[in-house]
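Undergrad: One structure is given below, represented as structure tokens, and several questions about it will come after.
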Amino acid sequence: MQAPKPSDALVTRLASSVSILVLDASGTPRRWIELEDAAGYYCKQQVAWDLGDNTFTLRGGISRATGQRSTLTLRSIVAVRSDSGRRAPTVVAPALARDMLLTGRTATADEALAWGLVARLAEPEALLAEALEVVASIARTAPDARNEVKRVFDRYYGAYDRIAMQHSLSGPEPVEGFMAFKERRNPNWVASDLRTEGRL
């Protein structure tokens, strides 16, 4: 016996209860949207990349040319780029990281925001109030959805971050770097003709 097909009203109701997390192209979470809005980003080729174990398949009409029904598969997290920004973060982010790691230069707050290194800025006197508002906003979201987002990003970043951090805290180089900072001098790996006054 064949199972009854769900009614159009039921399908519409189920679809409206599903939300997709939208990130910007740098990976900063922006908002939750419905399936129909996410489908628009896919159709306009504005999805830079997507993530998530959960997928949702939308079915359209039947093509006269092929006789096949059209489908569109969405994932639970999508990164959306603007029409003017076509470079994926997999190209842009390594270039910025290489520049900062090899030169040791620091980024201003505005640069960090533009690059997606931070999600928002706050004036020092408003920092605590804004932090509490962020925590309150997070606490209002569905717990299972929060856990899914954290799981997805843990898998995205992988174990490399933890391994690299542990390695960077051991050995003579980090010790010399710490002592040089404490003593307000250049580390001993800086050639004499390249040294600056005080700390790097």
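Undergrad: Length gain on complete extension for the stretch LEU102 to GLU176, per 0.36 nm per residue less the alpha carbon to alpha carbon distance? Let's see the in-between values first.
TA: Details: separation 74, 0.36 × 74 = 26.64 nm, distance 1.78 nm.
Working it through step by step, the gained length comes to 24.9 nm.
Undergrad: Assuming R0 = 35 Å, what is the FRET efficiency of GLU111 and LYS44, from their Cβ-Cβ distance, to the nearest 0.05? If you can, show how the numbers build up before the last one.
TA: Details: r = 29 Å, r/R0 = 0.83.
Here the calculated transfer efficiency is 0.75.
Undergrad: If I take R0 = 35 Å and measure r between the Cβ atoms of ARG146 and GLN68 in this structure, what FRET efficiency does the formula 1/(1 + (r/R0)^6) give, to the nearest 0.05?
TA: Details: r = 38 Å, r/R0 = 1.09.
Once rounded, the FRET efficiency stands at 0.35.
Bear in mind that the values in this text are calculations on the coordinates, not laboratory data. Only a predicted model underlies this, so the values are computations on that prediction, with no experimental measurement involved. Note: ideal-geometry Cβ built from the backbone for every residue, glycine included; neighbour counts use all protein chains shown.
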